[in-house]
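One structure is given here, and the rest of the page talks about it.
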Amino acid sequence: MISNSKGVALITGAGQGIGRSIALRLAEDGFDLGLNDIPANKDKLSQLAVDIAGKHGGQRRTHVVPADVTVEDDVKIMMETVVKELGGLDVMVANAGIIRTAPLTETSVADWDAVLAVNVRGTFLCYKYAAQHMIPRRKGRIIGASSLAGKIGTPYLSAYSASKFAVRGLTQSAAVELGRFGITVNAYAPGGIQTDMLAELHTADVEWTKNEGGFYGMMESRAASGTLGKADDIASLVSYLASEEAHFITGQSISIDGGIHFD
Ligand code: NAD
């Protein structure tokens with residue numbers, strides 16, 4: 001059978017939320033997929049692989065690669081496994097992320113380190129090992145997860161906000177360095193997207209949003225659209241950034257937030 005695959009994409013944090021939507025969309029677009037999440041979420045990845053096979057009649061190949069993106073050897077082996085099993089790596093989506101909500105004065109070093117480890121070190125390692133595979137092929141798309149909180153300092157989210165600002169810096173630096181190898185590096189910077197992570201923010205016990213209908217109410221009232229976004233909204237942006245047509249976009253962290261304004 002002649003393969004009609006557009007290439008191979010690897011998505012971290014694909015077990016749920018935005019990562020799962022990205023995987024489903026890239027499968028729709030014609031990519032074979034490496035599906036990553038933490039080992040505890042292996043069943044979710046296996047279910048996702050079954051869902052993709054069900055939708056595409058087995059035309060799309062998937063490979064489940066549970067790994068902790070904070071661990072360098074895990075990321076290295078994850079990348080090597082995907083290249084070996086699926087035949088290459090064309091698109092890296094470093095989507096995995098975690099959040100902690102607390103006033104600055106009560107943010108523990110443990111929470112700070114945990115957030116920075118997943119959101120910054122994990123993204124850095126995914127960029128690094130993806131680039132190692134892509135440079136010799138003179139081609140690739142690397143995509144990371146920043147946030148609205150990576151553009152505007154956000155109360156009660158100091159570690160998270162700092163981590164998502166860091167993703168923007170990493171993305172710009174990598175883009176400048178890798179451009180001459182035909183590799184683009186961009187990030188998505190979502191506002192409020194309806195996932196478990198946002199639910200965690202909504203129920204967090206902080207003063208900030210209490211008079212504004214919680215985090216959901218605050219994001220809705222401050223979005224020009226008046227709504228929260230959906231994981232599929234992010235997936236469609238990633239679909240474009242991963243495409244050949246997006247070759248002239250690099251170093252960007254693209255806001256996708258329904259037009260958030262804080263005036
Ligand atoms: P989510 O919590 O629903 O899913 C995140 C996934 O990442 C989970 O499946 C989790 O197990 C996985 N993960 C966590 N640590 C990992 C690790 N060490 N190794 C591998 N996988 C790991 O979150 P989401 O809302 O889908 O968010 C996805 C990304 O988008 C995150 O980086 C998040 O910060 C960013 N983001 C989300 C929103 C939003 O409103 N939901 C807004 C801005 C940015």
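Using just the helices of the chain, give the 222 nm mean residue ellipticity in deg cm²/dmol: DSSP H runs with n ≥ 4 each add -39,500 (n - 2.57), and the total is spread over all residues, rounded to 500. Each step should come with its number before you reach the end.
On the way: 9 runs with 111 residues, N = 263.
So the calculated ellipticity at 222 nm is -13000 deg cm²/dmol.
Lysine pairs in the range 43-146 with alpha-carbon atoms under 28 Å apart, 8 or more places apart or on different chains: how many are there?
11
For the range 148-243, what size does the Cα cloud have along each of its three principal axes, sorted from largest down, in whole Å?
50, 26, 23
Take every DSSP beta bridge with both residues inside the chain and express the antiparallel ones as a percent of the total, to the nearest 5. Walk me through the numbers before you get to the answer.
On the way: 1 of 28 bridges.
Rounded to the nearest five, the antiparallel share is 5 percent.
To the nearest 0.05, how large is the calculated FRET efficiency for HIS56 and ASP232 if R₀ is 25 Å and r is the Cβ-Cβ distance? Write down the numbers at each step before the final one.
Numbers: r = 17 Å, r/R0 = 0.69.
So the FRET efficiency works out to roughly 0.90.
Tell me, what ³J(HN,Hα) does each residue in the range 163-170 have, in order and in whole Hz, if you take phi through Karplus 6.51 cos²θ - 1.76 cosθ + 1.60 with θ = phi - 60° and put x for Gly and Pro?
So the Karplus estimates, Gly and Pro as x, are 5, 7, 5, 4, 4, 5, x, 4 Hz.
Rank the residues VAL176, VAL120 as a footprinting-exposure proxy: fewest other Cβ atoms within 10 Å of their Cβ go first. Mind dumping the intermediate values first?
On the way: VAL176 12, VAL120 21.
Arranged by neighbour count, lowest to highest, VAL176, VAL120 become VAL176, VAL120.
Given R₀ = 45 Å, FRET efficiency for VAL176-GLU200 by Cβ-Cβ distance, to 0.05? Kindly include the intermediate steps, with their values, before the conclusion.
Numbers: r = 34 Å, r/R0 = 0.76.
That gives a FRET efficiency of 0.85.
To two decimal places, what compactness ratio does the range 90-213 give when its Cα radius of gyration is scaled by 2.2 N^0.38 Å? Write down the numbers at each step before the final one.
On the way: Rg = 15.9 Å, N = 124, 2.2 N^0.38 = 13.7 Å.
So the range 90-213 has a normalised radius of gyration of 1.16.
Along its principal axes, what span do the Cα atoms of the chain show, with the longest given first and each in whole Å?
The Cα atoms of the chain stretch 60, 38, 35 Å along their principal axes.
Can you compute the FRET efficiency between ALA117 and SER243 using 1/(1 + (r/R0)^6), with r the Cβ-Cβ distance and R0 = 35 Å? Round to the nearest 0.05.
Numbers: r = 31 Å, r/R0 = 0.89.
Efficiency at R0 = 35 Å is approximately 0.65.
Which chymotrypsin sites (Phe, Trp or Tyr not before Pro) does the range 158-263 hold that lie in a coil by DSSP with at most 13 other beta carbons within 10 Å? List each step's numbers first, then the result.
Numbers: sites: TYR160, PHE165, PHE181, TYR188, TRP208, PHE215, TYR216, TYR240, PHE248, PHE262; in loops: TRP208, PHE262.
Here the sparse-neighbourhood loop sites are PHE262.
Under the Karplus relation 6.51 cos²θ - 1.76 cosθ + 1.60, θ = phi - 60°, what is the ordered set of whole-Hz ³J(HN,Hα) values for the range 119-124, x standing for Gly and Pro?
Result, rounded to whole Hz: 6, 9, 4, x, 5, 4.
If one computes the Cα centroid of the range 130-175 and of the range 180-220, what distance in Å separates the two points?
16
What three numbers, in Å, describe the spread of the alpha carbons of the range 187-258 along their principal axes, ordered from the longest?
45, 23, 20
Throughout, read-outs are computed from the coordinates displayed, never taken from laboratory work. Everything quoted here is computed from the prediction, not taken from an experiment. Glycine also receives a Cβ, built like all others from the backbone with ideal geometry; neighbour counts cover every protein chain displayed.
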